[in-house]
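Taking it in order: structure first as structure tokens, then the write-up.
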Amino acid sequence: MENFKEILKDLSVSLDKVTYEYGDYSDIGNEVGFVLGKTITKDELEDFFAGLRHGISLSDGTHP
């Protein structure tokens with residue numbers, strides 16, 4: 001992934017601009033999807049979902 005740092009910067013800027021007072025998780029997902037959708041491949045999307053599931057399981061105590 002040659003543009004990793006650029007994607008991180010774009011995600012940071014995009015999420016920082018979210019102004020919803022009563023937003024929900026779908027709003028966060030929309031912003032992340034908009035940024036990643038410009039560059040991500042189908043295989044990379046699966047990797048992203050695996051990483052997301054792994055991070056959640058580590059933080060919520062369901063990690064095996």
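Annotations
- Pairs, first more than 17 Å from Phe4 (Cα to Cα) and at pLDDT below 95 in segment 42-64, second part of a helix (DSSP H, G or I) and among the hydroxyl-bearing types (Ser, Thr, Tyr), C-beta under 7 Å, six or more apart: His63/Ser57
- Residues that are within 20 Å of Leu52 (Cβ to Cβ) and among the β-branched types (Val, Ile, Thr), drawn from segment 14-25: Val18
- Residue in segment 34-42 that is among the aromatic types (Phe, Trp, Tyr), part of a helix (DSSP H, G or I) and either surrounded by 10 or more Cβ atoms within 10 Å (Cβ to Cβ) or on the phi < 0 side of the Ramachandran plot (or both) present: yes
The values are calculated or read from the model by the stated rules, or taken from the named source; none is laboratory data. In this text the structure is predicted, and so the values were computed from the model without any measurement. Please note: Cβ atoms are built from the backbone with ideal geometry, for glycine as well, and neighbour counts cover all protein chains shown.
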